[in-house]
Amino acid sequence: MARALAVLLLLAACATPYQPFEGRPVLAAIRFEGNHSISGGELLDHIATAPTTGFFSKTARYYDADLFAIDVKRIERWYNEKGFYEAKVENVEELRDDKGRVTLLVKINEGRRAVVRKMEFTGAEALPHNELSDIDDALPIHPGDGFDEDVYEKAKDVLLEQLREHGFARAKVRGRVEVAPEEGSANIVFEVDPDVRFKFGDVTVSGNHRVASDEIAFATGIRRGDRFTPKAIALAQQRVYNLGAFSGARVSLEPLTDPPFAGVRVNVREAPIHTVRLGLGGSAEESRWELPRLRAEYTNRSLLGGLRRLELSNTAGYAFVPNPFPGQYDPSHSGITVLTSAQLTIPNMFVPGLDWINRAEFAREIQSGFSYQDVAGRTGLLYRRAEHTVGLSLNFVRYFQVDLRGTDLSRILQIGGSGAGIVNDCPVSCTLTYPELRYTYDGRDNVIEPTNGFFGTVGLQQTLKPGSFSYFRINPDLRGYAPIGKYAVLAMRVEYGGLFTETANGASPFTQRFFFGGQNEQRGYSSLAQGPKVGADPCDPRPGKSAGCTQPFATTAVPIGGKAAALVSVELRIPADFILNHLGIVPFIDASNVSDDPKRPLEGGLEVAPGLGLRYLTPFGPLRLDVAYLARSKDVFTRSAPATDATGAQVITVPTRVSVFCPGDTAGCIPESRFAFHVTLGEAF
């Protein structure tokens, strides 16, 4: 059966139509010879003739000799644009098969490519030498480069942009190229008219009714007498919008009628003072479902007048562990999850772009392996400038009602050991105090659905007193996005996490340890399930109850996170509108490791999970379904922990293997699933 299906697929792929249309034969393919510098695909993109395409269903294309004669000139012209002024199409062969289908063989002689021998600027004598040198360095073409008309045109745009960044708001740029094809050379002359150097003038604000003009003008960061630059205009618009008081903001130049001063116009549209938003959502993973998830938000954009912004939010849901299905739902470890916060933002503290943020939180978290509640107070400064963000905060967190599933926390403290660190001083409550410094660079073209650019962030934490812990934590996260042709986006992510305690086996709060597994990191595991685990729920030693229960083996492995983590993720995001509008197909691979030695985060190798995802684009972001297969996994052994067995006896679980290779339902090995699925909203990264 499988062999017959493969044959049918092969025949479908090879079933190229052959019936001519109005005397024109089917064009099966176009092949190029001699095109060493420009790919065949690029040449096909610049001609009108196209060969027959498709896999299961072929779209027939027909050969028109007159049209292709024009395409020959297009091919030569494209070579000319790339600097090959001697390029010629020497011959076009029509190869016909036994059914009359045509394959064109296009033979090209590229000739020499013109090289930029000299590049000079005229009219720029008034510019200081160092400024002219900086402008020259920014251009995309220089002597010694192969000449390209597109790059030359881009260079003129970059030159004009650079002149304006140096204050020449009315600069003009023209250029000419002197090409000697017989010598293979091109000389470029940029004709520059910089005009007068401008400074910023007054900032005028319009459209505001509630917010004072002086506050908006201060937020722009533009002062009369500052040197004019377009980047300052773009930065001013970002700062005004970041105030959060406006539904629209536009910063632009006034007409340049008063040199050397350039006036600035800020036009705003004020948002309502009070806003209420409601939302409904949910998530589903192998070991935890949260349905429904309700969110309510309230925003006051003018608390006690001015630009102080108060934001109240509450997210509540019901966590089903491991899922809501009868026979599997565990009410003793399920329950209501809550995250409630109040945040007060005071913008433009001391300087434009510097915000003072104060935040209070209450959370009730329920995961498959643990639950806890916490209250937190945070205060800090946040500075944003273009793509850069720097934040410095002081955080105070109090944890209480900590429950590590199936274990006796008080007895873990009594026996000590490496397992005690996860709940040290926290059987009932504990305190965490730390300052955090975080830097973020966001160069993505789109925050929700990026297709190009780079994102990087790094966070540094160091605990202080009062607190139950002493550690240093570092967590860099780098992401890159690049289009692959016209039809796909390659997305990559690399992350490292290290938590360095004061002593080798020092205590560390499990909320600050690294948990991988779930919808956004290692998708081969269920939520937070990768890495070190503690044993719980001892096997039943009574006869006939649990095969192989010769010792108090654990039957449940509770994730406790690690002090070290490493992650590499790669996705190929492919639009699939040919199947369904707004649909995307995403093959991906996640490779990661979670351990307890931050100096050796790759110890034992990475666990690898390839997978396939579907995306359906919505106005709120992509609706995502990911399914992953754990192709390379590592066995782990649970840590010993006190527990009560089925007879009521107090025991300490022995280290128990957790593996995808467990031999059936036998005590001494806890099975790990190779497959995991995740349903949520938004990209993984």
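Read-outs: derived from the displayed coordinates by stated rules, not from any lab. Quick caveat: nothing in here was measured; it's all calculated off a predicted structure. Because the Cβ atoms are built from the backbone with ideal geometry, glycine has one as well, and the counts that use them run over all protein chains shown.
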message = Only counting other Cβ atoms within 10 Å, I'd like 669, 662 sorted with the fewest neighbours first.
response = 662, 669
Note, ³J(HN,Hα) from phi for the range 447-464, Karplus 6.51, -1.76, 1.60, rounded to Hz, x at Gly and Pro = 6, 7, 9, x, 10, 7, x, 9, 10, x, 8, 9, x, 10, 10, 9, 5, 10
remark   = Phi-derived 3J(HN,Hα) across the range 25-40 with the Karplus relation (6.51, -1.76, 1.60, θ = phi - 60°), rounded Hz, x for Gly and Pro, is x, 5, 8, 6, 6, 10, 10, 10, 10, x, 8, 7, 9, 10, 6, x
query = For the chain, what's the relative contact order in percent, using C-alpha pairs closer than 8 Å and at least 6 residues apart?
reply = 7
key: Angle in degrees between helix 65-81 and the longest Cα principal axis of the chain, rounded to the nearest 10   = 80
request  = Let me know the charge dipole size of the range 199-270 about its Cα centre in debye, to the nearest 20, where only the beta-carbon of Lys, Arg (+1) and Asp, Glu (-1) is charged.
outcome  = 200
query = Can you list residues whose amide H is under 5 Å from residue 631's amide H, if they're 5+ apart or on another chain and H is modeled 1.01 Å from N?
reply = 608, 609
message = With a cap of 12 neighbouring Cβ atoms within 10 Å, and only residues DSSP puts in a loop, list the chymotrypsin sites (Phe, Trp or Tyr not before Pro) found in the range 46-98.
response = 55, 56
ask   = In whole angstrom, how far apart do the alpha carbon centroids of the range 280-303 and the range 177-194 sit?
value = 61
ask   = Which shape class, rounded, prolate or oblate, goes with the chain when its Cα gyration tensor gives a ≥ b ≥ c as root eigenvalues, a/c under 1.5 marks rounded, and past that a/b bigger than b/c marks prolate?
value = oblate
remark   = Rounded to the nearest Å, the spacing of the alpha-carbon centers of the range 597-624 and the range 211-245 is 39
request  = Would you kindly derive the ³J(HN,Hα) couplings of the range 614-628 from the backbone phi angles with the Karplus curve 6.51 cos²θ - 1.76 cosθ + 1.60 (θ = phi - 60°), listing them in order in whole Hz, with x for Gly and Pro?
outcome  = 10, 10, 10, 6, 10, x, 9, x, x, 7, 10, 10, 10, 10, 10
ask   = Which angle from 0 to 90°, rounded to the nearest 10, does the C-alpha axis of helix 149-165 make with the longest principal axis of the chain?
value = 70
note = Listing 291, 256 by rising number of other beta-carbon atoms within 10 angstrom, fewest first, gives 291, 256
remark   = Counting only residues 5 or more apart in sequence or on a different chain, those whose built amide H sits under 5 Å from that of residue 200 are 225, 226, 227, 228, 262
ask   = Put +1 on the Cβ of every Lys and Arg and -1 on every Asp and Glu Cβ in the range 261-324; which of 319, 287, 276 then has its Cα farthest towards the positive end of the dipole?
value = 276
query = Counting DSSP beta bridges in the chain, what percent are antiparallel, to the nearest 5?
reply = 90
task = Can you tell me the relative contact order of the range 199-270? Whole percent, Cα pairs under 8 Å, sequence separation 6 or more.
result = 43
query = Share of antiparallel DSSP beta bridges in the range 115-193, in percent to the nearest 5?
reply = 60
ask   = Among the listed pairs 118/199; 465/599; 465/563; 172/486; 73/172, which are separated by more than 29 Å between their Cα atoms?
value = 118/199; 172/486; 73/172
Given 10 as the ceiling on other Cβ atoms within 10 Å, longest exposed-site-free region of the chain for trypsin sites (Lys or Arg not before Pro) in DSSP loops = 1-485
inquiry  = Give me 235, 630, 490, 304 sorted ascending by neighbouring Cβ count inside 10 Å, so fewest comes first.
reply    = 304, 490, 235, 630
remark   = Bridge orientation stat for the range 79-214 from DSSP, antiparallel percent rounded to 5, came to 70
ask   = Of all GluC sites (Glu not before Pro) in the range 59-158, which ones are in loop regions per DSSP and have a Cβ with at most 12 other Cβ atoms within 10 Å?
value = 125
task = Would you please name the GluC sites (Glu not before Pro) within the range 259-351 that are DSSP coil residues with at most 13 other C-beta atoms within 10 Å of their C-beta?
result = none
inquiry  = Suppose a student asked you for the relative contact order of the range 274-681, using Cα pairs under 8 Å spaced at least 6 residues apart; what percent would you report?
reply    = 11
request  = Per DSSP H run of at least 4 residues, take -39500 (n - 2.57); add these up for the chain, divide by its residues and hand me the 222 nm value, nearest 500 deg cm²/dmol.
outcome  = -4000 deg cm²/dmol
message = Amide H of residue 293 versus every other amide H placed in the peptide plane: which residues, excluding those fewer than 5 positions away on the same chain, fall under 5 Å?
response = 281, 282
ask   = Under 17 Å Cα-Cα from residue 634, which lysines qualify once same-chain neighbours fewer than 8 residues away are excluded?
value = 533
